[in-house]
Amino acid sequence: MPEMPEVQGLVDFLREKLLPSGAPPAVICDVEVLSFAVLKTADVPLDALQAAPVSAVERRGKFIVLTAGGVHLVMHLAKAGWLRWSDALKPGRLRPGKGRLALRVRFAPWEGAGSDGGAEPGFDLTEAGTKKSLAVYLVRDPADVPGIARLGPEAFDVDFDTFAGLVAGHRGQIKGLLRDQSVIAGVGNAYSDEILHAAHLSPFATAAKLKPEEVSRLFQALRAVLESANANASGRPAAELKDSKRRAMRVHARTGEPCPVCGDTVREVSFADSSLQYCPTCQTGGKLLADRRLSRLLK
């Protein structure tokens, strides 16, 4: 799932393509909905984007917000979605189908966006798998999108005292707190694994029971991991962001591999629709975590 660093990387990439310094902005010439389930709104017609110049590309949590013609095209890539850019889309409209393509946004020919010889640049939203969760909204105010309205503060906007208060007031596990977008926006399953590994904390630790020094380690790890991930994503084209993220992971999706810190084997806990990875030596005092559906630590 794309998280804050990758979404910010996509936003930066789109901004460079669509709002280049010293050149006119890109102008939307067509929007094709290729999966009927992807568009979640009907109040603002797609025609509102026709011939509309792009005025902003921003990030809110894990949402991409593209503003044009006074309206906002808001995109959430969910678990298996991605944005694929082309400097020269093939001419002609596509037929809606059951493939990976969910949405296509086409821009008028313009060399500043990377097109050449009259070709039309643009991007596709794609989604792998059978569970379709990718979501697109066309709204007059980003706050009209329920997911944005529920967002907590951005991870980098939270100071230590505020963070400590959020942790102390959370009754659940620390892994759940990090992933809860209404508490802190932008962190998901992958980076919460990385943050907890860097902080030497169990993902099953109860947030409100953390000691002050553990809260301090967690805050420092949150900043350090996300700063590193942002730096890793910065300046990369959209096509490279996913692979770059995978290569940078220390424990997430590294089940069975040696921990880069201590050499112990990275372990996994599987759930119905997700999994987490951790290092027993670094995070749980050598104990193996049971599937949380059993609600116990293996002893």
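The values are calculated or read from the model by the stated rules, or taken from the named source; none is laboratory data. These figures come from a predicted structure and were not determined experimentally. Here Cβ is always computed from backbone atoms with ideal geometry, including for glycine, and neighbour counts include all displayed protein chains. Surface accessibility is based on the protein's heavy atoms, side chains included, excluding ligands, DNA and RNA. Shrake-Rupley method; radii C 1.70, N 1.55, O 1.52, S 1.80 Å.
Here are a few things to note about the model shown:
- Selection count where residues are open to solvent by 10 Å² or more (accessible area, probe 1.4 Å) and either out of contact with any strand residue (DSSP E or B) (no Cβ under 9 Å at 6 or more places or on another chain) or among the small types (Gly, Ala, Ser) (or both), scope the range 17-30: 4
- Which listed residue, of 96, 109, 91, is on the phi < 0 side of the Ramachandran plot, open to solvent by 60 Å² or more (accessible area, probe 1.4 Å) and without any contact (Cβ under 8 Å) to a residue 24 or more places away in the chain: 109
- Cross-chain or 6+ apart pairs with Cβ under 9 Å, the range 195-219 first and touching a residue at least 60 places away in the same chain (Cβ under 8 Å) and of a type in the set (A, V, I, L, M, F, W, C), then part of a helix (DSSP H, G or I) and open to solvent by 30 Å² or more (accessible area, probe 1.4 Å): 201/214; 201/217; 204/292
- Which numbered condition residue 63 fails, given (1) touching a residue at least 12 places away in the same chain (Cβ under 8 Å); (2) more than 30 Å from residue 190 (Cα to Cα): (2)
- The listed residue being in contact with a Lys or Arg (Cβ under 7 Å, 6 or more places away or on another chain) and surrounded by fewer than 15 Cβ atoms within 10 Å (Cβ to Cβ), out of 192, 182: 182
- Hey, residue 144 among the acidic types (Asp, Glu), out of contact with any Pro (no Cβ under 7 Å at 6 or more places or on another chain) and under 20 Å from residue 44 (Cα atoms) or not: yes
- Against the list (1) surrounded by fewer than 19 Cβ atoms within 10 Å (Cβ to Cβ); (2) more than 23 Å from the chain's Cα centre (by Cα), the condition residue 33 fails is (2).
- The single residue among 128, 42, 52, 68 that is touching a Pro at 6+ places or on another chain (Cβ under 9 Å) and among the small types (Gly, Ala, Ser) turns out to be 68.
- Residues in the range 49-77 that are among the small types (Gly, Ala, Ser), buried (at least 17 other Cβ atoms within 10 Å of the Cβ) and not in a strand (DSSP E or B): 61, 69.
- Residue among 273, 243 that alone is assigned to a loop (DSSP other than H, G, I, E, B), surrounded by fewer than 17 Cβ atoms within 10 Å (Cβ to Cβ) and either without any contact (Cβ under 8 Å) to a residue 12 or more places away in the chain or under 25 Å from the mean Cα position of the chain (by Cα) (or both): 273
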